[in-house]
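To start, the structure under review is shown below, and the notes come after it.
Just so you know, all these numbers are worked out from the coordinates, no wet-lab data involved. Please read these numbers as outputs of a predicted model, since none were measured by experiment. Every residue, glycine as well, gets a Cβ built from its backbone with ideal geometry; the counts of neighbours run over all protein chains shown.
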Amino acid sequence: MSDDSKTSDTDVPGYITSQSLTTFPEMWYQIFLWALLSSFFVHVVAAGIAFLTLRKHVYGKFFPIFILVMGVLSPLTSGVVSSAAVAFVYRASNYQMAPLYALLWGVGQTVVSACIGFTRILATL
């Protein structure tokens, strides 16, 4: 068996590797994936808390479903656009992106959206 046919841990999509991301689709996908996963994690925790506190309410026990849906829909809409914008800037400036930076950009999108949600900045506009 030759070394070319072996599969390594770095062949798994979305896994942090030591190789820099150089193309736009690589950068966009990594940033988007981390934004989606971190947002889903935050919303699963929030849905769990909501379910535990509203489990005896007639209609309130179904609200965690909406929380989970929003945990997927918001990265699928705004996360796609903002991840593409970040990847475009990196690609247009010919910078290579380290996979750790893609993680930070993706999780950063979730943190910023959580801060906007908690501070209710949009309600004041």
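Keeping to the range 87-125, report how many residues are among the polar types (S, T, N, Q), without any contact (Cβ under 8 Å) to a residue 24 or more places away in the chain and part of a helix (DSSP H, G or I).
Residues that pass the stated criteria total 2.
Which residues, taken from the range 25-39, are among the hydroxyl-bearing types (Ser, Thr, Tyr) and crowded, with 24+ Cβ neighbours inside 10 Å?
Ser39
Among all residue pairs at least 6 apart or on different chains, which show Cβ distances below 9 Å where the first residue, located in the range 67-86, is on the phi < 0 side of the Ramachandran plot and touching a residue at least 40 places away in the same chain (Cβ under 8 Å) and the second is surrounded by 14 or more Cβ atoms within 10 Å (Cβ to Cβ) and outside any helix (DSSP H, G or I)?
Every condition considered, the pairs that remain are Val86/Met97.
Among what's in the range 19-76 and is touching a helix residue (DSSP H, G or I) at 6+ places or on another chain (Cβ under 9 Å) and in a loop (DSSP other than H, G, I, E, B), pick the residue that is farthest from Phe88 (Cα to Cα).
Within the range 19-76, the match that is farthest from Phe88 (Cα to Cα) is His57.
Somewhere in the range 38-58, is a residue among the aromatic types (Phe, Trp, Tyr) and within 15 Å of the chain's Cα centre (by Cα)?
yes
Just name the residue that is surrounded by the most Cβ atoms within 10 Å (Cβ to Cβ) out of those in the range 40-81 that are among the small types (Gly, Ala, Ser) and touching a His at 6+ places or on another chain (Cβ under 9 Å).
Gly71
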